[in-house]
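Just so it is clear, none of the values below were taken in a lab; they were calculated from the coordinates. These numbers come from a predicted model, not from an experiment. Here the Cβ is made from the backbone with ideal geometry for all residues, glycine too, and neighbour counts use every protein chain on show.
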Amino acid sequence: MKQLVKLATSLLALVSSMSIIADDYTKGTLEVIKERGYLKCGVSTGMSGFAYLNKDGVWEGFDVSFCRATAAAIFNDPSKVEFTPTTSKNRWSVLQSKEVDLLYRSSTWTLTRDSSLGLSFSVVNYYDGQGFLVKKDLGVNSARELDGATICVAMGTTTELNLARYFKDNNMNYSPIYVETFQQAISAFRAGRCDIYTTDASALAVAKSTFDNPEEYVVLPEIISKEPLGPVVRADEPKFGKLVQWVFYATVQAEEFGLTQANIDDMKNTTSSIEKFLGVEDNTAPDIGLSKDFAYRVIKHVGNYGELFEKYLGVNTKIGLQRGLNDLYTRGGLHYSPPFK
């Protein structure tokens with residue numbers, strides 16, 4: 001009899017535990033985040049400019065800042081984020097299994113990824129393209145001269161597919177050296193295990209900036225692909241996807257308005273459009289689970305798009321990237337925010 005009672009008690013505990021787990025899975029992502037008290041964001045394993053640990057052991061970078069912007073919009077506190085380093089291989093499963101709520105990891109938006117992984121791309125935060133990094137003493141001036149080269153490339157990425165297609169289309173052969181992380185690629189390239197390193201052009205600029213003798217390396221002129229990079233959420237959470245999307249757009253619209261971290265309080269009441277944008281003009285909160293002043297929170301705590309670009313990637317940083325396609329549409333770039341109405 002005691003054994004039956006013990007078994008029944010164990011079964012009830014199991015059922016109760018399963019009910020709690022099931023309840024967690026039926027809750028929306030934003031609800032779970034608010035109850036937990038912080039956002040879980042997947043980033044790269046470490047890439048200067050985009051996502052890296054600073055000397056104090058705190059995550060910084062362009063992608064990291066958009067995670068912090070999302071936390072600022074939700075909690076009015078950009079520090080309420082837990083960062084999880086992910087590789088090109090495990091990033092999708094980490095998001096699918098709900099180990100993170102959001103992935104900001106230089107991930108290319110493609111048809112296959114957007115339709116077959118149970119995931120959804122919200123917006124493009126960086127327009128990129130794939131290139132090639134070589135040592136100058138190799139004597140190569142064009143990607144068309146790479147026949148027979150040994151090339152370091154990340155497995156399971158659009159980079160790998162683009163590389164294969166480019167060489168096939170140009171009737172060339174190559175030998176791949178597969179890597180999983182940015183750090184592995186740099187180590188293999190510098191050790192001479194491969195003649196060429198191929199990845200997004202922004203990452204090549206980052207790689208070059210880490211070398212003691214960057215002048216001895218060159219990025220070849222060819223860009224062989226379109227790489228629209230952006231945040232990823234689970235496809236069954238469209239409302240959270242909208243939240244991530246509009247948090248990003250807030251940084252773009254703020255730059256267009258000329259709103260910065262430094263002047264946002266002084267400019268808060270200058271025009272009706274800015275008042276509407278910052279949640280001053282009316283009392284209607286957006287129907288994405290955020291307060292009406294979410295854009296103010298984002299810019300006050302994190303800054304606008306241009307500020308983030310210049311701080312982590314721009315011409316005055318060690319990486320030294322021009323805005324190019326990542327400028328506002330008013331200056332010939334591709335970034336453009338839908339109206340905040």
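Structure above, values below:
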{"read-out": "Rg/Rh (Cα only; Kirkwood hydrodynamic radius) as it applies to the range 72-124", "value": "0.99"}
{"read-out": "Pairwise centroid distance, computed over Cα atoms, of the range 238-306 with the range 112-168, Å", "value": "35 Å"}
{"read-out": "Efficiency of FRET between E216 and D266 - r from beta-carbon atoms, R0 35 angstrom, step 0.05", "value": "0.15"}
{"read-out": "Karplus-derived 3J(HN,Hα), 6.51/-1.76/1.60, for each residue of the range 211-221, Hz, glycine and proline x", "value": "7, 5, 10, x, 5, 8, 10, 9, 8, 5, x"}
{"read-out": "Globularity ratio of the range 91-169, using Cα Rg and 2.2 N^0.38 Å", "value": "1.39"}
{"read-out": "Summed residue charge, Cβ within 15 Å of Y329's Cβ, Lys/Arg positive, Asp/Glu negative", "value": "-1"}
{"read-out": "GNM top mover of D282, D212, D147 - the chain, alpha-carbon springs below 10 Å", "value": "D212"}
{"read-out": "Unit Cα scatterers, Debye sum, the range 34-101: log10 I(q)/I(0) for q = 0.11, 0.22, 0.29 Å⁻¹", "value": "-0.24, -0.94, -1.29"}
{"read-out": "Packing rank of 51-63, 124-136, where each peptide gets the mean count of other beta carbons within 10 Å, highest leading", "value": "124-136, 51-63"}
{"read-out": "Separation in nanometres of the label points that stand 7 Å from Cα toward Cβ, at A285 and N90", "value": "3.6 nm"}
{"read-out": "Reference-scaled alpha-carbon Rg (2.2 N^0.38 Å with N residues) for the range 203-341", "value": "1.24"}
{"read-out": "Nitroxide proxy distance, nm - points 7 Å out along Cα→Cβ at K98 and K341", "value": "3.8 nm"}
{"read-out": "For the range 257-268, Karplus couplings with θ = phi - 60° (6.51, -1.76, 1.60), whole Hz, Gly/Pro x", "value": "6, x, 8, 10, 4, 6, 10, 4, 6, 5, 9, 4"}
{"read-out": "Placed amide H near V179: partners under 5 Å, 5+ positions off or other chain", "value": "V153, A154, M155"}
{"read-out": "Charge dipole (debye, nearest 20) of the chain; +1 at Cβ of Lys and Arg, -1 at Cβ of Asp and Glu", "value": "780 debye"}
{"read-out": "Spacing of the two label points (7 Å from each Cα toward its C-beta) at N316 and S273, in nm", "value": "2.6 nm"}
{"read-out": "Which of L138, A203, T330, positive extreme of dipole for the chain (C-beta unit charges)", "value": "A203"}
{"read-out": "Percent of Cα pairs exceeding the 19 Å cut-off, where the set is the range 121-230", "value": "40 percent"}
{"read-out": "Size of electric dipole in the range 98-138: Cβ of Lys, Arg +1 and of Asp, Glu -1, about Cα centre, debye, nearest 20", "value": "140 debye"}
{"read-out": "Zone of V32's modelled label, taken as backbone nitrogen in the range 69-105 under 16 Å from a point 7 Å along Cα→Cβ", "value": "82-84, 92-104"}
{"read-out": "For the chain, calculated [θ]222 nm from helices alone, where every DSSP H run of n ≥ 4 adds -39500 (n - 2.57)", "value": "-11500 deg cm²/dmol"}
{"read-out": "DSSP-defined antiparallel bridges as percent of all bridges, the chain, nearest 5", "value": "55 percent"}
{"read-out": "Percent of beta bridges antiparallel (DSSP, the range 90-204, rounded to nearest 5)", "value": "40 percent"}
{"read-out": "Radius ratio Rg over Rh of the range 190-235, counting only Cα atoms, Kirkwood formula for Rh", "value": "1.07"}
{"read-out": "Residues whose placed amide H lies under 5 Å from that of Y217, excluding near-sequence neighbours", "value": "K136"}
{"read-out": "Rounded, prolate or oblate (a/c below 1.5 giving rounded, otherwise prolate when a/b exceeds b/c) for the range 205-266 by Cα gyration tensor", "value": "oblate"}
{"read-out": "Dipole magnitude (debye, nearest 20) for the range 84-176, charges at Cβ of Lys, Arg, Asp, Glu", "value": "100 debye"}
